[in-house]
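Visitor: Let me begin by handing over the structure; questions about it come next.
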Amino acid sequence: MEGYKLFLAFLASALLLGFLSVVFALLWVLHYREGLGWNGGSAEFNWHPVLMITGFVFIQGIAIIVYRLPWTWKCSKFLMKLIHAGLHTIALTLAIISLVAVFDFHNAQNIPNMYSLHSWIGLTAVILYALQLVLGFVVFLLPFTPTSLRTALMPIHTYSGLLIFGTVIATALMGITEKLIFSLNIIPYRDSPKEAIFVNVLGVLIVAYGAVIMWMATRPHWKRPLEHVFQTHQRIGEGFSEEDCHNPDLEISSDGAARKRNPKSDETGQRSTM
Ligand code: HEM
Ligand code: HEM
């Protein structure tokens, strides 16, 4: 893989930034706020930032770059699709639980729903993400979808996936700022209390995580290679071994066969559609 060490440095940074974001979110609600609970009060609201940052930011980011991990290139594409789709499903589930928490909190406290820009953009992102997931399953996982349709939809899938991810990062920043403005009373936000500085750092971590993930997901030379290119590299000894995963030739899905039937789509740079 070209720039393997740089890739590892980016991956380590992404994991560190993502992990720190989750830890900061937890420390915020446990140390500075009312903790976690499910009682219609603030402790229930607190699940909202924790689950959004864990699921919709951290896990979604990992799901996006999972195809690019070079040690998974010896695994079948079908297995990688299951992992990609599985991680996105976990992210969506956590986002939905997090929405239930905030709607339940608002209803219990007689606070109106869906009045803020944060809530409009946030709910739109969750709905589009659910649509992307369903379309992804139908188009790329079900064996009967024609290869031509997969080829046509792949660039849209990648673009809309990255757009939703970027929107989620922006939504998280809006939510964090709103919450600080609402809840810092004794020392107001403008006087920079410790909590505000801590949570501003959380915002910076989230932006940095998003930036690293987007960079990794948009480098053409870090893309998962074609199965046949990968096998040629293996044969001429370019440093890959096949220990943990089964042979990509033995794919359980129709991927391999479909790609062999339609090598043209691979050559035109659309090889990820399979
Ligand atoms: C409310 C989505 C992250 C703070 C809401 C609502 C939605 C939403 C749809 C409306 C709930 C209602 O009207 O009952 C999202 C999404 C996020 C996200 C998709 C993805 C990252 C965050 C984060 C915070 C936060 C990290 C930080 C504390 C708030 C606050 C409200 C709220 C304070 C209540 C006020 C309002 O409706 O704007 N969020 N949220 N959100 N969220 Fe988020
Ligand atoms: C690739 C996002 C669900 C199949 C991608 C990429 C993104 C993305 C950003 C580009 C990654 C890269 O270039 O390395 C999403 C989002 C989803 C989702 C946000 C859910 C909300 C699914 C599902 C499937 C799927 C359910 C079905 C298996 C694929 C395939 C690729 C891909 C086959 C091409 C990977 C490659 O060959 O490089 N997805 N995806 N996606 N996704 Fe998804």
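The values are calculated or read from the model by the stated rules, or taken from the named source; none is laboratory data. Quick caveat: nothing in here was measured; it's all calculated off a predicted structure. Virtual Cβ from ideal backbone geometry, glycine too; neighbours counted across all protein chains shown. Side chains are part of the model used for accessible areas, which takes the heavy atoms of the whole protein and leaves out ligands, DNA and RNA. Shrake-Rupley method; radii C 1.70, N 1.55, O 1.52, S 1.80 Å.
Visitor: Filter segment 34-58 down to residues that are open to solvent by 50 Å² or more (accessible area, probe 1.4 Å) and in contact (Cβ under 8 Å) with a residue 24 or more places away in the chain and give me whichever is farthest from ligand 1 (Cβ to nearest atom).
Guide: First, the residues of segment 34-58 that are open to solvent by 50 Å² or more (accessible area, probe 1.4 Å): 34, 36, 38-39, 47.
Checking which are in contact (Cβ under 8 Å) with a residue 24 or more places away in the chain leaves us with 38, 47.
Details: Trp38: 16, Trp47: 10 Å.
Here the answer is Trp38.
Visitor: Here's a follow-up. State yes or no: is Ala170 within 18 Å of Ile53 (Cα to Cα) and within 16 Å of ligand 2 (Cβ to nearest atom)?
Guide: Numbers: within 18 Å of Ile53 (Cα to Cα): yes; within 16 Å of ligand 2 (Cβ to nearest atom): yes.
Yes: the conditions hold for Ala170.
Visitor: Now for a separate question. Residues to consider are Leu135, Leu117, Leu131; find the one that is of a type outside the set (Val, Ile, Thr), open to solvent by 80 Å² or more (accessible area, probe 1.4 Å) and free of Cβ contacts under 8 Å to residues at least 12 places away in the same chain. Before you say what the answer is, go through the steps one by one.
Guide: On the way: Leu135 fails: free of Cβ contacts under 8 Å to residues at least 12 places away in the same chain; Leu117 fails: free of Cβ contacts under 8 Å to residues at least 12 places away in the same chain.
Exactly one residue qualifies, and that residue is Leu131.
Visitor: Give me the helices (runs of 4 or more DSSP H) completely within segment 170-264, filtered to those with at least 3 residues that are modelled with pLDDT of 95 or more, ordered by residue number.
Guide: 194-217
Visitor: Something else now. Need a quick list: helices (runs of 4 or more DSSP H) entirely within segment 35-126 having at least 1 residues that are within 12 Å of ligand 2 (Cβ to nearest atom) and within 23 Å of Leu226 (Cα to Cα).
Guide: Numbers: elements: 42-45, 47-51, 60-65, 77-108.
By residue number, 60-65, 77-108.
Visitor: Within segment 77-94, which residues are more than 16 Å from ligand 1 (Cβ to nearest atom) and within 11 Å of Ile59 (Cα to Cα)? Break it down stepwise before answering.
Guide: If we filter segment 77-94 for residues that are more than 16 Å from ligand 1 (Cβ to nearest atom), which is where we start, we get 77-87, 89.
Correct list: His84, Gly86, Leu87, Thr89.
Visitor: Within segment 147-178, count every residue that is among the small types (Gly, Ala, Ser) and surrounded by fewer than 16 Cβ atoms within 10 Å (Cβ to Cβ).
Guide: Taking segment 147-178 as the starting set, the residues that turn out to be among the small types (Gly, Ala, Ser) are 148, 152, 160-161, 166, 170, 172, 175.
Still in the running and surrounded by fewer than 16 Cβ atoms within 10 Å (Cβ to Cβ): 148, 152, 166.
Of the residues in that region, 3 qualify.
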